[in-house]
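Engineer: Quick one: the structure is below, questions incoming.
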Amino acid sequence: MFMKLQSKTAVVTGASSGIGRSILERFVAEGAKVVAFARNAQALAELADRFPGQVTTVTGDVTNMDDLRRLAEAVAAIGGADIVIPNAGVARVVGFDDSTPEAFHAQFSVNLMGAAQTVRLLLPQIRKGGSVQFITTFLTQVGFPGLAIYSASKAALKSLAQTLAAELAPRGIRVNSIAPGPIATPIWGSVGLPADVLGQVADQINARLLTGTFGQPEDIAETAVFLASDAAKNIFGQEIVVDGGYTVG
């Protein structure tokens with residue numbers, strides 16, 4: 001059976017759950033070896049046990065530069081990487097009245113700075129022909145009350161990706177973004193809304209989705225496989241929106 005990522009090595013942050021975990025699982029199925037980075041040491045250990053010889057784990061936080069340096073050292077020790085997906089992210093509902101500098105920092109430090117510094121420190125280890133994929137959001141295209149900080153952090157990440165696409169292309173590295181729409185992952189339940197309100201919001205979102213329901217992490221993983229594969233060798237600086245039709249209108 002042909003494997004699209006045979007002999008490639010990927011680095012995925014936020015790999016212990018949700019979209020990151022799904023990307024890891026799909027990449028392994030396509031023949032890649034994966035360096036998994038996350039804060040949850042137990043979940044990482046379970047992944048290493050499940051995929052012996054295919055998954056290497058590094059425990060750490062993308063806001064901690066020492067942790068990111070350890071990640072870079074681990075990647076260097078295995079000879080570099082072909083794919084880097086700085087997936088780790090946080091989402092919190094914060095009304096604009098409460099959008100203090102501290103509230104901005106809490107999300108920007110992970111979603112923008114954590115992603116950017118992950119790629120910066122791993123850059124010497126990314127081989128020619130490599131692929132960097134940032135995870136943004138469909139909310140860079142639409143407004144959603146209470147998510148101004150989150151959306152702004154991801155919009156900045158989208159812009160960063162477009163600029164890096166031009167800057168890193170001469171090195172033979174492609175940079176793109178994937179913008180998930182509403183996806184059924186643990187992050188949805190951690191945005192800070194009461195369960196009843198969360199259910200009402202979910203119903204409103206579902207009514208606008210052409211599929212009628214939230215997407216699955218596997219939907220994003222399949223897009224990541226495509227962007228990492230040779231089939232996407234001529235795609236640079238694009239944001240691929242995978243949102244069940246939410247932004248159609």
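The values are calculated or read from the model by the stated rules, or taken from the named source; none is laboratory data. Everything numeric here is computed off the predicted structure, so don't read it as measured data. Counting neighbours? That spans all protein chains shown, and the Cβs are built from the backbone with ideal geometry, glycine included.
Engineer: Take segment 221-237 and flag every residue that is not in a loop (DSSP other than H, G, I, E, B) and not β-branched (Val, Ile, Thr).
Structural biologist: Within segment 221-237, 221, 222, 224, 226, 227, 228, 230, 231, 232 qualify.
Engineer: Being more than 20 Å from residue 39 (Cβ to Cβ) and surrounded by fewer than 23 Cβ atoms within 10 Å (Cβ to Cβ): is that true of residue 130 here?
Structural biologist: Considered against the rule, which asks whether it is more than 20 Å from residue 39 (Cβ to Cβ) and surrounded by fewer than 23 Cβ atoms within 10 Å (Cβ to Cβ), residue 130 comes out as no.
Engineer: Can you pull out every residue in segment 200-238 that is buried (at least 19 other Cβ atoms within 10 Å of the Cβ) and either of a type outside the set (Ser, Thr, Tyr) or modelled with pLDDT under 95 (or both)?
Structural biologist: Hits for segment 200-238 are 215, 217, 219, 220, 221, 224, 225, 227, 228.
Engineer: Right, another one. Of the residues 98, 82, 66, only one is in contact with a Lys or Arg (Cβ under 6 Å, 6 or more places away or on another chain) and surrounded by fewer than 22 Cβ atoms within 10 Å (Cβ to Cβ); which?
Structural biologist: Working: 98 fails: in contact with a Lys or Arg (Cβ under 6 Å, 6 or more places away or on another chain); 66 fails: in contact with a Lys or Arg (Cβ under 6 Å, 6 or more places away or on another chain).
The match here is 82.
Engineer: Being within 30 Å of residue 205 (Cβ to Cβ) and part of a strand (DSSP E or B) is the filter here, so list the residues in segment 160-185 that pass it.
Structural biologist: 175, 176, 177, 178, 179, 180, 183
Engineer: Search segment 134-146 for residues that are closer than 16 Å to residue 237 by Cα and at pLDDT below 90 and pair each with any residue that is part of a loop (DSSP other than H, G, I, E, B) and basic (Lys, Arg) when their beta-carbon atoms are under 6 Å apart and the residues are at least 6 apart or on different chains.
Structural biologist: Within 6 Å, no pair qualifies.
Engineer: Okay, moving on. Being closer than 25 Å to residue 137 by Cβ and part of a loop (DSSP other than H, G, I, E, B), is that true of even one residue in segment 66-85?
Structural biologist: Checked segment 66-85: no residue is closer than 25 Å to residue 137 by Cβ and part of a loop (DSSP other than H, G, I, E, B).
Engineer: Follow-up. In the set 77, 43, which member is under 20 Å from residue 184 (Cα atoms) and surrounded by fewer than 20 Cβ atoms within 10 Å (Cβ to Cβ)? Working first, answer last.
Structural biologist: Values: 77 fails: under 20 Å from residue 184 (Cα atoms).
Unique residue meeting the criteria: 43.
Engineer: Same structure again: More than 20 Å from residue 116 (Cα to Cα) and β-branched (Val, Ile, Thr) - does that describe any residue in segment 30-53?
Structural biologist: Checked segment 30-53: no residue is more than 20 Å from residue 116 (Cα to Cα) and β-branched (Val, Ile, Thr).
Engineer: Continuing with this model, one more query. Give the residues of segment 114-137 that are under 13 Å from the mean Cα position of the chain (by Cα) and not polar (S, T, N, Q), sorted by residue number.
Structural biologist: Hits for segment 114-137 are 114, 115, 116, 119, 132, 134, 135.
Engineer: Now for a separate question. For residue 43, work out the one condition from (1) under 19 Å from residue 220 (Cβ atoms); (2) touching a residue at least 60 places away in the same chain (Cβ under 8 Å); (3) out of contact with any strand residue (DSSP E or B) (no Cβ under 8 Å at 6 or more places or on another chain) it doesn't fulfil.
Structural biologist: Going through (1) under 19 Å from residue 220 (Cβ atoms); (2) touching a residue at least 60 places away in the same chain (Cβ under 8 Å); (3) out of contact with any strand residue (DSSP E or B) (no Cβ under 8 Å at 6 or more places or on another chain) one by one, residue 43 breaks only (2).
Engineer: Moving on to the next point. Are there any pairs with C-beta distances below 8 angstrom linking a residue in segment 74-87 that is more than 25 Å from residue 109 (Cα to Cα) to a residue that is surrounded by fewer than 24 Cβ atoms within 10 Å (Cβ to Cβ) and charged (D, E, K, R), with the two at least 6 apart or on different chains, and if so which?
Structural biologist: Listed pairs, sorted by first residue: 78/33; 80/127; 82/8; 82/127.
Engineer: With respect to residue 111, is the statement that it is surrounded by 15 or more Cβ atoms within 10 Å (Cβ to Cβ) and assigned to a loop (DSSP other than H, G, I, E, B) true? Explain how you work it out, then say what you get.
Structural biologist: Details: surrounded by 15 or more Cβ atoms within 10 Å (Cβ to Cβ): yes; assigned to a loop (DSSP other than H, G, I, E, B): no.
No; evaluated as a whole, the condition is false for this residue.
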